[in-house]
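What follows is a set of notes on a single structure, which appears directly below.
None of the figures in this text is laboratory data; all of them are computed from the coordinates on show. Keep in mind that this is a model prediction, so the values were computed, not measured. As a convention, Cβ positions derive from the backbone with ideal geometry for all residues, glycine included, and neighbour counts pool all protein chains shown.
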Amino acid sequence: MLLVIDIGNTNTVIGIYRSKTLVESWRLMSSHARTVDEFWIVAKLLCNDAGINTGDIKGVIIGSVVPDLTNSFIKMSQKYLSVEPVIVEHSLNLGLKFLVREPKQLGADRICNAVAAKKMYTTPLIVVDLGTATTFDVLDKKGDYIGGAISPGLLTGSLELIRKASQLHQIDLTYPDNIIGKTTKEHLQSGIFVGHIAMIEGLVSRIKKEFANDPVMVIATGGYSQELKKHTPNIDVANPNLTLEGLYLIYEMNRNWITSKQ
């Protein structure tokens with residue numbers, strides 16, 4: 001079995017692959033307060049609860065945008081699984097070219113999304129990842145990465161607004177019954193949730209114009225992807241596990257190199 005770990009600024013998603021199948025996944029807070037041993041206790045308890053024997057885990061791959069937590073999970077893998085984890089970076093065999101000025105600055109999550117999207121869908125395409133930031137990653141007709149965009153995430157923008165406005169309160173981020181709200185809660189739901197959808201629609205539309213007449217597929221991933229897809233025709237597919245699929249594919253693409261290092 002393969003343990004895949006996607007470390008983000010807000011959440012860390014852990015998944016277990018048996019052969020080609022994602023058999024289980026869990027979403028945790030990306031806590032800097034936890035020790036290596038605590039991360040293992042949580043991971044082991046989750047696996048045990050799902051009937052997964054951690055002794056069957058023979059490989060680990062980590063995609064991370066949080067260096068401190070990367071080190072914690074590396075040490076966890078070494079100490080408790082006796083496995084040297086693969087760390088996602090642009091220099092691995094990824095099956096596509098990164099046609100940007102500084103590919104080493106791309107986040108591991110965006111690399112994983114690009115790899116998985118190319119394998120699973122038709123190109124050209126746009127991946128919209130709804131995380132701490134909402135990112136847009138674009139593959140051309142050949143399936144090469146040509147660039148993208150970054151905006152504040154849905155939850156990030158909401159929390160920052162509420163933090164700075166003393167009379168506003170945190171709300172459930174759901175689509176309101178009416179765009180013209182009648183209460184402060186509805187105003188916020190309309191402005192934040194519907195406003196974020198409008199931002200995505202506008203940016204996707206402008207990106208598509210740079211492809212002339214080529215049809216461009218749009219894939220959404222991240223925690224809010226399925227909910228947002230319900231409310232916009234601009235998203236073709238919602239795949240909340242796209243980043244995990246990318247981790248699995250990258251591990252498989254580099255299996256010979258991994259074996260040679262062991």
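So between LYS182 and ILE41, what do we pick up on full extension, going 0.36 nm a residue minus the alpha carbon distance?
Details: separation 141, 0.36 × 141 = 50.76 nm, distance 4.71 nm.
Result: 46.1 nm gained on full extension.
Starting from 0.36 nm per residue, how many nanometres of slack lie between TYR175 and GLU24 once their C-alpha separation is accounted for?
Details: separation 151, 0.36 × 151 = 54.36 nm, distance 2.88 nm.
Residue separation times 0.36 nm, minus the Cα-Cα distance, leaves 51.5 nm.
Given 0.36 nm per residue, what is the gain on full extension from VAL194 to LYS97 after removing their alpha carbon distance, in nm?
Details: separation 97, 0.36 × 97 = 34.92 nm, distance 3.46 nm.
Result for the pair: 31.5 nm of gain on full extension.
At a Förster distance of 22 Å, what's the computed FRET efficiency of ILE146 paired with HIS231, Cβ-Cβ distance as r, to 0.05? Numbers along the way, then the final one.
Details: r = 28 Å, r/R0 = 1.27.
Approximately 0.20, to the nearest 0.05.
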Inset, instruction - Please find the FRET efficiency linking ASN53 to LYS119, where r is the Cβ-Cβ separation and R0 is fixed at 30 Å, and quote it to the nearest 0.05. - result: 0.55
Legend entry - Distance between segment 187-260 and segment 33-47 - C-alpha centres, whole angstrom: 30 Å
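Roughly how big is the chain's charge dipole about its Cα centre, with Cβ charges of +1 (Lys, Arg) and -1 (Asp, Glu), in debye to the nearest 20? Could the numbers behind the result be given before it?
Details: 27 positive and 26 negative charges, 67 e Å.
It works out to roughly 320 debye.
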Inset, instruction - Among HIS231, HIS90, HIS196, determine the one that fluctuates most according to a GNM of the chain built with springs between C-alpha atoms less than 10 Å apart. - result: HIS231
Inset, instruction - Assign unit charges at the C-beta atoms only (+1 for Lys and Arg, -1 for Asp and Glu), then state the dipole size of segment 2-87 relative to its Cα centre in Debye, rounded to the nearest 20. - result: 140 debye
Legend entry - the chain, helix-only ellipticity at 222 nm - DSSP H runs n ≥ 4, -39,500 (n - 2.57), divided by all residues, nearest 500: -10500 deg cm²/dmol
Inset, instruction - Go ahead and set up a Gaussian network model of the chain, Cα springs under 10 Å, then flag whichever of LEU28, LEU154, LEU139 fluctuates most. - result: LEU28
Inset, instruction - Given the options PRO67, PRO103, PRO240, state which has the largest fluctuation in a GNM of the chain using a 10 Å cut-off (strictly under) for Cα springs. - result: PRO67
